1. Condition test on L161, is it assigned to a helix (DSSP H, G or I), among the aliphatic types (A, V, I, L, M) and either in contact with an Asp or Glu (Cβ under 8 Å, 6 or more places away or on another chain) or at pLDDT below 95 (or both)?
2. Just to check your reading of the model, which residue among A72, A25 is closer than 22 Å to V93 by Cβ and either modelled with pLDDT of 95 or more or assigned to a helix (DSSP H, G or I) (or both)?
3. Considering each of A54, A74, A107 in turn, give the residue that is within 22 Å of Y19 (Cβ to Cβ) and loosely packed, with under 15 Cβ neighbours inside 10 Å.
4. Name the pairs: first residue in the stretch 148-162 and over 14 Å from H188 (Cβ atoms), second residue outside any helix (DSSP H, G or I) and hydroxyl-bearing (S, T, Y), Cβ to Cβ under 6 Å, at least 6 apart or on different chains?
5. Test each condition in (1) closer than 14 Å to G196 by Cβ; (2) surrounded by fewer than 21 Cβ atoms within 10 Å (Cβ to Cβ) for F138 and report the one that comes out false.
6. So which residues in the stretch 92-117 are without any contact (Cβ under 8 Å) to a residue 12 or more places away in the chain and over 20 Å from V222 (Cβ atoms), if there are any at all?
7. Quick test of your reading of the structure: M48 fulfils all but one of (1) closer than 20 Å to E13 by Cα; (2) modelled with pLDDT of 95 or more; (3) part of a helix (DSSP H, G or I). Name the failing condition by number.
Amino acid sequence: MKTVGIIGGIGPESTIDYYRKIVSAYCEYDTYGNYPKIIINSINMSEMLNLLGADRFDKIADNLVVEFGKLAAAGADFGLLASNTPHIVFDKVREFSPLPLISIVEATYNKVKELGLKHVALFGTKFTMNGGFYDQVFLQHNIQVFIPDDADQSFIHEKYLAELIKGNILNDTKSKLLEIASKMKKEHGIQGLILGGTELSLILQNGDAPGVHIIDTTDAHVESILEALK
């Protein structure tokens, strides 16, 4: 059995969600009663956010390579980042990582392609919404990614860091997020909404936004992880 190596802690709530979903998906697949082997390296979220705010992307990449080295030394066969935001440096990390890595962006693209969507919105931290790393993958396949306007980006970013990362789920925040999605459907004709922050799935689920398919990036990532475990 292969061993999954997860860099988590960015943030803790989504790391817990990853663990539960990987175990659940694997147990549905394995009919012999086995459980997946998982190693979690929980890193300092505050340090990561401070480096992002200072545009120190090379330092972030270097740090993540070191952390993947720890997972490799512990016996992991492949690795992943249990968060969207650090994928802003994913290509460089993948180049130098001692482990093969599974990208949440590529996994999400596969899900959007499977659904046949061509116009999607992206919610997440400002680093994710403005990072361009979803565009790099999706535009290669003629799928257009729209991001909210500046005011709505600020709202999503602030609520993400102040509430969702801490596991605080508020109805007023959910209502505003759905209002933003509805506005983007009218303005841009979005068919789907990518939850480009792994904690966003704690507050939004598919079916919440009429006419817009909500794509949980954690679920898409877990599907790819399960394939690697088979």
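The values are calculated or read from the model by the stated rules, or taken from the named source; none is laboratory data. Since the structure is predicted, the reported quantities are computational estimates derived from the model, not experimental observations. Please note: Cβ atoms are built from the backbone with ideal geometry, for glycine as well, and neighbour counts cover all protein chains shown.
1. Yes; evaluated as a whole, the condition is true for this residue.
2. None of the other options fit; the residue is A72.
3. Working: A54 fails: within 22 Å of Y19 (Cβ to Cβ); A107 fails: loosely packed, with under 15 Cβ neighbours inside 10 Å.
None of the others qualify; the one that does is A74.
4. Correct list of pairs: H157/T125; Y160/T125.
5. (2)
6. Pass one, the stretch 92-117, residues without any contact (Cβ under 8 Å) to a residue 12 or more places away in the chain: 94-95, 114, 116.
Scanning the stretch 92-117 gives E95, G116.
7. (2)
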